[in-house]
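To start, the structure itself, in structure tokens.
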Amino acid sequence: MGVLVQHQTYQQKNNYKIPVEIKKIWYTDKTVAAHYFNLEVKEMISKKLAKALNEQVNAEYYSAYLYHSMSACMERAALKGTANWLFIQAKEEMAHGINIYQYVLDRGAIPVLSAIQQPTASFADIEEVFKSVLDHEQKITGLINSLASLAMQENDHACYQFIMWYVNEQVEEEANASDILSRIQMIGNNKGLLLSLDNELAARVFVNPFPTNSKLSGV
């Protein structure tokens, strides 16, 4: 539920000068409240698990960078449908990262955002792109599985339940990448079939996977 703080009441009791831009606002986020009012916030998650979640946020943001890079390469190759599919994938990865970021906050910890690795900037063709997509998703699956194992080691059942959404999501992510790669390999050098696949990939639209997350509303 967080910490409810009414600014004007706090000002009267503590003789605290409240910045104009935040007057008459109710904060329900305990971390934000602590920032302005020096309130003690109890972390409800182990430091080890918070660190691992922060690292996963970085991995999800890197995934978005990687898919943006792939999307640009495919657009330059005149495969705009494929570019669209990859761009939507990048938006999903950002949503995944933001959702974990919010979870870290909800558990009383502080998100620590580290530098994001620069992704590969060029790919030979669409087959290399989707080989890389599948390889990357398999790596992400490994990271997610390790997070789930760590949550159980830390006896944090709430975090384990949270991570299980990602565990199940990775099954779908790998299956989608594998399916598209298989179709590309069957198509071979047939440009007509490749364009047909490209048109199919153009139909993908972004669906917010976390509609109740306020930070993703309107995305």
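With both labels modelled 7 Å from their Cα along Cα-to-Cβ, the Ser182 to Ser149 distance reads 2.8 nm. The Cα atoms of the range 131-218 give a gyration tensor whose axes a ≥ b ≥ c have a/c of 1.5 or more with a/b no greater than b/c, which makes the shape oblate.
Sorted ascending by nearby beta carbons within 10 Å, beginning with the fewest, Met186, Met74, Met94, Met152 become Met186, Met152, Met94, Met74. Projecting label points 7 angstrom from Cα along Cα→Cβ for Ala78 and Glu169 puts them 3.6 nm apart. Applied to the range 85-98, the Karplus parametrisation 6.51 cos²θ - 1.76 cosθ + 1.60 on θ = phi - 60° returns per-residue 3J(HN,Hα) values of 4, 6, 5, 5, 4, 4, 5, 5, 5, 4, 4, 4, x, 4 Hz, with x for Gly and Pro.
The stretch between Phe206 and Ala158 holds 14.5 nm of extra length on full extension. This uses 0.36 nm per residue minus the Cα-Cα distance. For the residue pairs Lys51/Lys215; Lys139/Lys191; Lys47/Lys215; Lys48/Lys139; Lys51/Lys131, the C-alpha atoms sit more than 26 angstrom apart in Lys139/Lys191; Lys51/Lys131. Each 10 Å bin from zero up to the one holding the largest Cα-Cα distance in the range 67-213 carries the following percent of pairs: 10, 36, 32, 16, 6, 0.
For the range 39-142, the Cα-based Rg and Dmax, in that order, read 16.1, 55 Å.
Every read-out reported here was derived from the displayed coordinates using simple, explicitly stated rules and does not represent laboratory data. Given the structure is predicted, the values throughout are model-derived calculations rather than measurements. Neighbour counts run over all protein chains shown; Cβ positions are idealised from the backbone, glycine included.
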